[in-house]
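Only one structure is covered here, and it is reproduced in the block below.
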There are 2 protein chains.
Amino acid sequence: MNIRIICIGDELLSGDTVNTNLAFIGEELANHGLNVAAETCVPDDMDAIHDAIRQSDGADVLIFIGGLGPTTDDLTRAAVASYLGFQIRVDESLKQHIISYLGERRRNMADAYLDIQSQVIDTAELLPNNNGTAPGQLIRRGNALWALLPGPPREIKPMFINFLLPKILEKCDSIVETLTVRVCALPESIVESKARHAIEGISGLHFAICIKKDCIMIRLSKPADSNPQALDLAKQRLQKEFGHYLLPDECLTTAHYLGILLKDRHLMMATAESCTGGGIAAAMTDTAGSSEWIVGGVVTYANEWKMNVLGVHEETLQRHGAVSEATVHQMLDGLQMRFDVQAGVAVSGIAGPGGGTPEKPVGTVVIGAFAPHWRCVKTFHFSGLRDTVRQRTVNAAINLLITGLLETNH
Amino acid sequence: MNIRIICIGDELLSGDTVNTNLAFIGEELANHGLNVAAETCVPDDMDAIHDAIRQSDGADVLIFIGGLGPTTDDLTRAAVASYLGFQIRVDESLKQHIISYLGERRRNMADAYLDIQSQVIDTAELLPNNNGTAPGQLIRRGNALWALLPGPPREIKPMFINFLLPKILEKCDSIVETLTVRVCALPESIVESKARHAIEGISGLHFAICIKKDCIMIRLSKPADSNPQALDLAKQRLQKEFGHYLLPDECLTTAHYLGILLKDRHLMMATAESCTGGGIAAAMTDTAGSSEWIVGGVVTYANEWKMNVLGVHEETLQRHGAVSEATVHQMLDGLQMRFDVQAGVAVSGIAGPGGGTPEKPVGTVVIGAFAPHWRCVKTFHFSGLRDTVRQRTVNAAINLLITGLLETNH
């Protein structure tokens, strides 16, 4: 099936907005074994939109993103209608719906804008928008499906998943089934070799591996005509191989998974951060409900704070430096003894670009973690710029505590 | 000038990577008054790349991004060469350069890969890559400029700015001059009306305003044939209007600007965070050199921590709740008295999706800040999902302390 996407908006081409919608839709389709054949991004300009449509005409599914608002630069409805030679009409029931949607939120819209926002292309079916005023519009053109979706991520995401994706899947004669698993706390090379070994001998599976922000993702896909049990079997084997290192589907992030592991064990954690500056605590509180696994944290950026807040000894800092296993051990001691928590992580490192020395170059980070009857402090060497070093430190600290909880069977 | 971009990579269409390169290049060009006419994103597939080239042929500048690595799915060099009917050859001096680049980093590359990575399209000029092994390749085709750039952001960014952008600007007959200013700590509507008022009467300027992640950006552009002093005059007027609320060019973020303001005043700050979970401290330490303005912070997620670490009274929490101005005042007291800092911010709020009540719905956030002889605690109501509420709280807290420093002339 040939699926193409046209993104419309000056802001995407001038760098004012990063196009995250393409990645979102691409990933959702990939999880169902479908590929995007091409994407085109054009400005809010009638001729440019028409050019893009001409180049994508012939696709089985053509998705337009953006340009559905009520202002003069929102041209998608008009461009699609004029390309197809269709009329546009104001839909009175949509208009009433928009008025009540806005009313519930104590907002309103000028009449001229309201009329534009209520425009529907003839023959189009509307897709409900639960987070905004612009509905999606779906046009069937022979066997092809054209969908107009709004640009704001919080509007397009539920609309795509709940309303458009099912209609795309209906069109597939033979669904390519897929299995996606995410593995945490293990490096890519080990995940790849273990996974390939685990599924050896299961025929007809396509294997893909990808480094995500905080874990490694494996995606297996299977053509409809191959062994129907292949994916079930692969799932069993991967579960056996990786066990609790597999992220459960309901966990959005590895930090969320650590939270769930702590909650299951009735443990509360805290953080002591230097180079990450609060990034670990921010990741651990990213998910709703995080008060069930984290009580708090300290960012001890200055050495004075490491001493006064966590009780790191001045002598330790002088002899071993702030970025040392001895210092991180005492940061963990501080969390355990001064703050009385049962689990925690501590990090101290050189995120760069300055501060490196021949013995401790930029990217040197000491990470420690503890849980009841378990503690581990390790030195890591990360490459990359400041942001990357900080992000890798956040991930490694979270993964270290996960490893501790899983390996000690707490 | 017609500038088009072709991004190449399966990972962009499957959602494994968000295409940030388009936004980066789009913004750099916009800052020089140039627009991207269209972008196309295609998979690692020879036919798809050829289709995209055919559709973009005729552009004055055609930029290819990605697919320059040494593996079999890196097809950009071969696709461009075969489209143009050009040969590809292994460039021995490039090969030596790659070997020594890798040697300095104690890495190596298999010979087969090294040969591919040393391939150059005939007539191409090489653009140096200081952060990777794939050089850029520049082809002049009549008056048109075709550039092949590597995909990793840390490689393409310096290459684009240092080597490609100057060559694009050389091609412009009449440079559209632009002026970009960023305003912090003021809402968009006020920035817009003040800015429009400030530049009233200066003819021939195009005005654009855009909400960035942590500030409001105004971009003025001026055609080459209009009043040569228009931008200088506009700059003076905007400086007079917004004064210290303008972010200096050297500040990457509003947090960085706050850091510079603190440093200029010889003040060190600390943070006390609840709903943001460390996000303010993380933002304040995002920039290298941040140890000159922040000593540390506490994340008091649990009420116990608010009491034990910051000294918030149990009675205050019971009577007013954790999300209250009374609680935030006591969090600030804790920073001042227990941690002895001269400036700081404290936040407590309901990021959602749970935890809202009719009196304090999701999005209710109390933000406080202090500096010598100044303190302010305010209640905000933010809309959006959990992430958005947290991000807006981080920005508002940073902006509140900036306002305090500027308005009290510290």
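Considering only residues that are buried (at least 19 other Cβ atoms within 10 Å of the Cβ), touching a helix residue (DSSP H, G or I) at 6+ places or on another chain (Cβ under 8 Å) and not in a loop (DSSP other than H, G, I, E, B), which ones fall in the range B:376-390?
B:Val377, B:Arg390
Answer yes if at least one residue in the range B:102-114 is surrounded by 21 or more Cβ atoms within 10 Å (Cβ to Cβ), in contact with a helix residue (DSSP H, G or I) (Cβ under 7 Å, 6 or more places away or on another chain) and farther than 19 Å from B:Leu164 by Cβ, and no otherwise.
Within the range B:102-114 (the criterion being surrounded by 21 or more Cβ atoms within 10 Å (Cβ to Cβ), in contact with a helix residue (DSSP H, G or I) (Cβ under 7 Å, 6 or more places away or on another chain) and farther than 19 Å from B:Leu164 by Cβ), the answer is no, since none of the residues qualifies.
Kindly check whether there is at least one residue in the range B:247-258 that is over 25 Å from B:Val389 (Cβ atoms), among the aliphatic types (A, V, I, L, M) and either at pLDDT 95 or above or surrounded by 21 or more Cβ atoms within 10 Å (Cβ to Cβ) (or both).
The answer is no, given that none of the residues of the range B:247-258 is over 25 Å from B:Val389 (Cβ atoms), among the aliphatic types (A, V, I, L, M) and either at pLDDT 95 or above or surrounded by 21 or more Cβ atoms within 10 Å (Cβ to Cβ) (or both).
Go through the range B:127-151 residue by residue and tally those that are without any contact (Cβ under 8 Å) to a residue 24 or more places away in the chain and either crowded, with 17+ Cβ neighbours inside 10 Å or small (Gly, Ala, Ser) (or both).
Result for the range B:127-151: 2.
Give me the residue from the range B:172-206 that is modelled with pLDDT under 90 and within 30 Å of B:Leu62 (Cβ to Cβ) and, out of that set, nearest to the chain's Cα centre (by Cα).
Result: B:Thr178.
Among the residues of the range A:353-375, write down those that are within 14 Å of chain B (Cβ to nearest Cβ) and surrounded by fewer than 19 Cβ atoms within 10 Å (Cβ to Cβ).
Listed by number, the residues that qualify are A:Pro353, A:Gly354, A:Gly355, A:Gly356, A:Pro361.
Being assigned to a helix (DSSP H, G or I) and more than 20 Å from A:Ile202 (Cα to Cα) is the filter here; which residues of the range A:229-254 pass it?
Hits for the range A:229-254 are A:His244, A:Tyr245, A:Thr254.
Would you call A:Ile156 surrounded by 20 or more Cβ atoms within 10 Å (Cβ to Cβ) and either closer than 18 Å to A:Ala134 by Cα or at pLDDT 95 or above (or both)?
It is true that A:Ile156 is surrounded by 20 or more Cβ atoms within 10 Å (Cβ to Cβ) and either closer than 18 Å to A:Ala134 by Cα or at pLDDT 95 or above (or both).
Against the conditions (1) more than 12 Å from chain B (Cβ to nearest Cβ); (2) part of a loop (DSSP other than H, G, I, E, B), where does A:Arg107 fall short? Just the number, please.
Evaluating A:Arg107 over (1) more than 12 Å from chain B (Cβ to nearest Cβ); (2) part of a loop (DSSP other than H, G, I, E, B) leaves (1) as the failure.
Can you report the number of residues in the range A:8-17 which are under 13 Å from A:Ala48 (Cα atoms) and either under 20 Å from the mean Cα position of the chain (by Cα) or at the interface with another protein chain (Cβ under 7 Å from one of its Cβ atoms) (or both)?
Result for the range A:8-17: 1.
Could you tell me which residue of the range A:18-31 is surrounded by the most Cβ atoms within 10 Å (Cβ to Cβ), considering only residues that are within 7 Å of chain B (Cβ to nearest Cβ) and not in a helix (DSSP H, G or I)?
Residue satisfying both the conditions and the ranking: A:Asn19.
Within the range B:261-332, which helices (runs of 4 or more DSSP H) (wholly inside it) include 2 or more residues that are at the interface with chain A (Cβ under 7 Å from one of its Cβ atoms) and in contact with a helix residue (DSSP H, G or I) (Cβ under 6 Å, 6 or more places away or on another chain)?
B:279-284
Please give the number of the condition A:Leu164 fails out of (1) farther than 26 Å from A:Glu27 by Cα; (2) touching a residue at least 24 places away in the same chain (Cβ under 8 Å); (3) of a type outside the set (D, E, K, R).
Of the numbered conditions (1) farther than 26 Å from A:Glu27 by Cα; (2) touching a residue at least 24 places away in the same chain (Cβ under 8 Å); (3) of a type outside the set (D, E, K, R), the odd one out for A:Leu164 is (1).
Only one of (1) modelled with pLDDT of 95 or more; (2) under 27 Å from A:Ile25 (Cβ atoms); (3) in contact with an Asp or Glu (Cβ under 8 Å, 6 or more places away or on another chain) fails for B:Ala37. Which number is that?
It fails just one condition, (3).
So if I check each of A:Ser82, A:Ser100, which one is small (Gly, Ala, Ser) and either within 24 Å of A:Asp45 (Cβ to Cβ) or not in a helix (DSSP H, G or I) (or both)?
A:Ser82
In the same structural domain as B:Thr271 (by TED's automatic domain parsing) and under 12 Å from B:Cys275 (Cα atoms): is that true of B:Thr379 in this structure?
So B:Thr379 fails the test.
Go through A:Ser56, A:Ser118, A:Ser100 for me and flag whichever is more than 13 Å from every other protein chain (Cβ to nearest Cβ) and over 19 Å from A:Pro152 (Cα atoms).
Within the list A:Ser56, A:Ser118, A:Ser100, the selection yields A:Ser100.
Does B:Ser193 satisfy the condition of being surrounded by fewer than 23 Cβ atoms within 10 Å (Cβ to Cβ), outside the structural domain of B:Arg392 (by TED's automatic domain parsing), in a strand (DSSP E or B) and hydroxyl-bearing (Ser, Thr, Tyr)?
Answer is no for this residue.
Output the residue which, of all residues in the range B:62-97 that are buried (at least 22 other Cβ atoms within 10 Å of the Cβ) and β-branched (Val, Ile, Thr), is nearest to B:Asn143 (Cα to Cα).
This residue is B:Ile63.
Any residue that is without any contact (Cβ under 8 Å) to a residue 24 or more places away in the chain, within 10 Å of chain A (Cβ to nearest Cβ) and touching a helix residue (DSSP H, G or I) at 6+ places or on another chain (Cβ under 6 Å) - is there at least one of those in the range B:239-251?
no
The values are calculated or read from the model by the stated rules, or taken from the named source; none is laboratory data. All values derive from a computational prediction rather than experimental measurement. Neighbour counts are summed over all protein chains in view; Cβ atoms, including those assigned to glycine, are modelled from backbone coordinates with ideal geometry.
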